[in-house]
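The numbers here are math on the coordinates, done by the rules we state, and not lab data. Keep in mind that what you see is a predicted model, and the values were worked out from it rather than measured. As a convention, Cβ positions derive from the backbone with ideal geometry for all residues, glycine included, and neighbour counts pool all protein chains shown.
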Amino acid sequence: MSSLMAQNNLSVIEIDLINRSLEKSYALKKSIHELSIDSIERKIIRQNFIPTLEADAKYGYASSRIDIDIPTLQLPITGIELFEGDSRFNTQGQIFNANLTAKALLFSGLQVKYGSKATEEKIKAKNFMLHAEKADIIKDVIDTFDTIELLKQSEIVITKSEERLAKEKERVKTAIENGLAIPYDRDKITAAELNLASKKVELHGNLSLLYLKLSMLTDVNISTLENYSFELTPWTLKNIGQNFSDRPELKALNASVKAYDYKLKMNKNAYLPKVQAVASLSYSNLFNASLETPLRTSWW
């Protein structure tokens, strides 16, 4: 917008309307959102080289009971009978396990390098096209200003023509009354009046459509726009040494070609091995465990 501010032929109102059109443009908002998404994707690609740390923990509780019918065994000296009747074994315990894993990508097979560059060139291309879209919107709004003002000037010309035609009609009427003209001359004036009336209707219709278009572009009420006056002044063109190669569309095309080149290189190197460093630490613990037998209960 700095180039617009430098132009003396744009009023404050016109610059405000241009800014409003840029803010409202849904196509422009879509392009800006797509650029934001591409920037996030590029960061995600670069983040592949950032080491990651994963941690997980598990807890478990186990309890079981086993009934075993073992033949009774009598000790020879004491006479104590072991395993008399059914024997029951009860076990229970708690288990905790924790794992910590660190990973770092050392070599991506050139996938990250070329993928990041491809996304970077893609962002450049979209930025150039964003400038082109802004220029098109600005040009469209300024053309609407000029067309509205041209139609207003045309309306003034039609009004003056109607005034001259009214005077000519009075002159012909007087001439017919005095026998200096014929009714055909009056019919020609009537035809001219109808022609001017049709042009005036067409002009008002076109003017209404232009105000409606400008209202849709800027989100300003038509009644407010009709009170504005736009100036018809030539643009000051400065020789800044640019040529066709400086056009944003061509720059966007060149950046897109580079993006596809990097993407092609990325796909060609997909067979290269990836090198990754991995380190892990694991901890396990069995606690509050017990084994209950017919003879005794053990804890550990």
| task | Treating cross-link reach as a plain straight distance, find the aspartates and glutamates whose alpha-carbon is under 20 Å from the alpha-carbon of residue 167, omitting any fewer than eight places away in the same chain. | result | 155, 177, 185, 187, 193
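Let me have the 222 nm mean residue ellipticity of the chain computed from DSSP H runs of 4+ only, each contributing -39500 (n - 2.57), with the sum over all residues rounded to the nearest 500.
Working: 7 runs with 168 residues, N = 300.
Mean residue ellipticity, 222 nm, calculated: -20000 deg cm²/dmol.
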| Which of 124, 160, 265 moves most in a GNM of the chain, Cα contacts under 10 Å? | 160
| task | Please work out how much length the chain gains when fully extended from residue 50 to residue 200, using 0.36 nm per residue of separation minus the C-alpha to C-alpha distance, in nm with one decimal. | result | 47.0 nm
| said: Are there DSSP H segments in the chain that both extend 24 Å or more along their axis (alpha-carbon positions) and score a mean Kyte-Doolittle hydropathy of at least -1.0? List them, or say none. | reply: 26-46, 111-177, 183-218, 248-268
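Per 0.36 nm of contour for each residue apart, how much would the distance between residue 34 and residue 224 grow if the chain were fully extended, relative to their Cα-Cα spacing?
Values: separation 190, 0.36 × 190 = 68.40 nm, distance 3.40 nm.
Extra length available between residue 34 and residue 224 comes to 65.0 nm.
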| query | Which FRET efficiency, nearest 0.05, do residue 15 and residue 113 yield, Cβ-Cβ r, R0 45 Å? | reply | 0.50
| Between residue 279 and residue 95, what FRET efficiency comes out of the Förster formula 1/(1 + (r/R0)^6) with R0 = 30 Å and r the beta carbon distance, rounded to 0.05? | 0.80
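Provide 275, 220 in ascending order of the number of other Cβ atoms located within 10 Å of each residue's Cβ, fewest first. Before the final figure, lay out the partial values.
On the way: 275 11, 220 19.
Least crowded to most crowded, the residues run 275, 220.
Just rank 187, 38, fewest to most, by other beta-carbon atoms within 10 angstrom. List each step's numbers first, then the result.
Values: 187 11, 38 17.
Exposure proxy ranking, most exposed first: 187, 38.
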| task | Note the listed values (i) 29.6; (ii) 21.5; (iii) 18.5, then indicate which one is Kirkwood radius over Cα pairs in Å calculated from this particular structure. | result | (i)
| task | Name the residue, out of 101, 91, 190, whose mean-square fluctuation peaks in a Gaussian network model built on the chain with Cα pairs under 10 Å. | result | 91
| Candidates 145, 96, 230, ranked by Gaussian network fluctuation over the chain, Cα under 10 Å, top entry | 96
| For the chain, with +1 on Lys and Arg beta carbons and -1 on Asp and Glu, the positive-most of 25, 201, 288 along the dipole | 25
| query | What spacing in nm lies between the two simple spin-label points modelled at residue 167 and residue 233, each 7 Å away from Cα in the Cβ direction? | reply | 3.3
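Please rank 129, 216, fewest neighbouring Cβ atoms within 10 Å first, as an exposure proxy.
Fewest-to-most ranking of 129, 216: 216, 129.
Just how large is the dipole of the stretch 90-181 about the Cα centre, in debye to the nearest 20, putting +1 at every Lys and Arg Cβ and -1 at every Asp and Glu Cβ?
On the way: 15 positive and 14 negative charges, 125 e Å.
Its charge dipole is roughly 600 debye.
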